[in-house]
Each structure stands twice: as C-alpha cells, then as structure tokens.
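A.B. asks: To start, I am sharing the structure in question, which I have written as structure tokens.
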Amino acid sequence: MRITVDHMSTSLPMDPADAMSPVSGSVMDRLVEANERYASQFTDPGMDARPVLKVAVVACMDARLDLHDALGLALGDCHTIRNAGGAVTDDVIRSLTISQRALGTRSVMLVHHTGCGLESLTEDFRHELEEEVGQRPPWAVEAFRDVDQDVRQSMQRVRTSPFLLHRDDVRGFVFDVSTGLLREIHRD
Ligand SMILES: [Zn+2]
C-alpha cells in the first residue's frame, strides 16, 4: 500500500485524477478485454482447490509486490490473502482458518515490505474519518512505525490464534521494493 504525503495531508479527499478521468469505466474495460485474451488461451488445468504447496501467504496489497513472480509461485500453489499492510486481522485469521481446516494448508508466510503506506499513517486516520463522515470505523488502522516489529507482531497473532490447526511453520519477511529481495524477520 502506498499513500502519497499530499494525499494524506488533506482529510480523505477524492483523488483529483479520479474526478478527471475522461471515461470512468475505461480502466475496467481494459481489464475485461485482457480477461477475454486470457480466457482465449486458457485451458482448464483440472486442479483441486487445495493449494499444491499447502501454504498460505499473507501480504500487503501494495501494487509493487508481485507475489507469484517474487516467490516463484505457479497457479494452484498457494492461498494469497492480502490487505493494507498485510496485517493479521480477525478477517485474515478467518481466511487462514478456512485455508487450514477446509483446504489443507499447513504453513503461513507473512510478507510486509519497505515503504509501506501504513508507516506514514497513525490511528488519527480513524479520528479524521469520524470527523468527516460522522462515524468512527470499527476497525483498527493497523498503522506501524517499525516494519520488523510489525512482522513480529503479525507472526505472534498467527501463532497464538486458537482457531488454527498449524502454528509451528510461520515465518515472516520484509520485501524490499527496490531490490526485490526478501529479508527474514526472526523472533526476538
Ligand atoms: Zn504496504
């Protein structure tokens, strides 16, 4: 997730670039056209829904992080669960629980990254939202200052979840968006 500073300084404005898009559906049209080309080459791999590598990857939604390329993953290999920051929220635990108990995964890989937009946010973001829309969101922003510490906290949330079957093979990493390399974060 990448958030520019001037986007942040005014409270939650609409991005002017969005308002000025000549045709609001054009981006989506491009995606649908790309899908038509994709489907024309596609052959049913006949796969089971259970991930081949029995691994679930929890990662930030950042556009610079191409998980499949960066980790050498192929179609069908893993579950990917992504959100702002790659935070292990209750909803991520929900997905991991289903991943493990219904679809057979055993390992959890956490991928955060350098230059994450959440490093420039604070929980004030919620207060700004409340001021603007008259209601405070029920979720935490999950902002952080120290990415290594945030990865450790995320690993801890997975390891202490009572809902998961497999909590022994949990590893956390920081992806460097300028080198493409992962750096592993070890427990203290
Ligand atoms: Zn991010």
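The values are calculated or read from the model by the stated rules, or taken from the named source; none is laboratory data. Keep in mind that this is a model prediction, so the values were computed, not measured. Cβ: placed from backbone, ideal geometry, glycine included. Neighbour counts: every protein chain shown.
A.B. asks: What residue, among those in the stretch 115-128 that are among the hydrophobic types (A, V, I, L, M, F, W, C) and not in a helix (DSSP H, G or I), is farthest from the ligand (Cβ to nearest atom)? Show your work before the answer.
C.D. replies: Of the stretch 115-128, the ones among the hydrophobic types (A, V, I, L, M, F, W, C) are 116, 118, 121, 125.
Subsequent filtering for residues that are not in a helix (DSSP H, G or I) retains 116, 121.
Working: Cys116: 3, Leu121: 11 Å.
So, considering only residues that are among the hydrophobic types (A, V, I, L, M, F, W, C) and not in a helix (DSSP H, G or I), the one farthest from the ligand (Cβ to nearest atom) is Leu121.
A.B. asks: Out of all the residues in the stretch 101-123, which are among the polar types (S, T, N, Q) and more than 20 Å from Trp139 (Cα to Cα)?
C.D. replies: Scanning the stretch 101-123 gives Thr105, Ser107, Thr114.
A.B. asks: Right, another one. Got a sec? Which of Thr114, Thr160, Thr122 is of a type in the set (Val, Ile, Thr), within 23 Å of Ala63 (Cα to Cα) and modelled with pLDDT of 95 or more? Break it down into steps so the answer makes sense when it comes.
C.D. replies: Details: Thr160 fails: within 23 Å of Ala63 (Cα to Cα); Thr122 fails: modelled with pLDDT of 95 or more.
Step by step, each of Thr114, Thr160, Thr122 is checked, and only Thr114 is of a type in the set (Val, Ile, Thr), within 23 Å of Ala63 (Cα to Cα) and modelled with pLDDT of 95 or more.
A.B. asks: From the list His68, His79, His112, which one is touching a helix residue (DSSP H, G or I) at 6+ places or on another chain (Cβ under 6 Å) and without any contact (Cβ under 8 Å) to a residue 40 or more places away in the chain? Write out each step before concluding.
C.D. replies: Working: His68 fails: touching a helix residue (DSSP H, G or I) at 6+ places or on another chain (Cβ under 6 Å); His112 fails: without any contact (Cβ under 8 Å) to a residue 40 or more places away in the chain.
Answer to the check: His79.
A.B. asks: Only one of these is exposed (fewer than 12 other Cβ atoms within 10 Å of the Cβ), in the same structural domain as Arg82 (by TED's automatic domain parsing), of a type outside the set (Val, Ile, Thr) and farther than 18 Å from Asn83 by Cα: Glu132, Glu123. Name it.
C.D. replies: Glu132
A.B. asks: Can we say Leu110 is surrounded by 14 or more Cβ atoms within 10 Å (Cβ to Cβ) and over 25 Å from Arg183 (Cβ atoms)? Full working, then the answer.
C.D. replies: On the way: surrounded by 14 or more Cβ atoms within 10 Å (Cβ to Cβ): yes; over 25 Å from Arg183 (Cβ atoms): no.
Criteria not met by Leu110.
Residues checked against (1) modelled with pLDDT under 95; (2) among the basic types (Lys, Arg); (3) surrounded by 14 or more Cβ atoms within 10 Å (Cβ to Cβ):
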residue: Met1; (1), (2), (3): yes, no, yes
residue: Ser11; (1), (2), (3): yes, no, no
residue: Ala19; (1), (2), (3): yes, no, no
residue: Ser24; (1), (2), (3): yes, no, no
residue: Pro51; (1), (2), (3): no, no, yes
residue: Asp62; (1), (2), (3): no, no, yes
residue: Asp66; (1), (2), (3): no, no, no
residue: Leu71; (1), (2), (3): no, no, yes
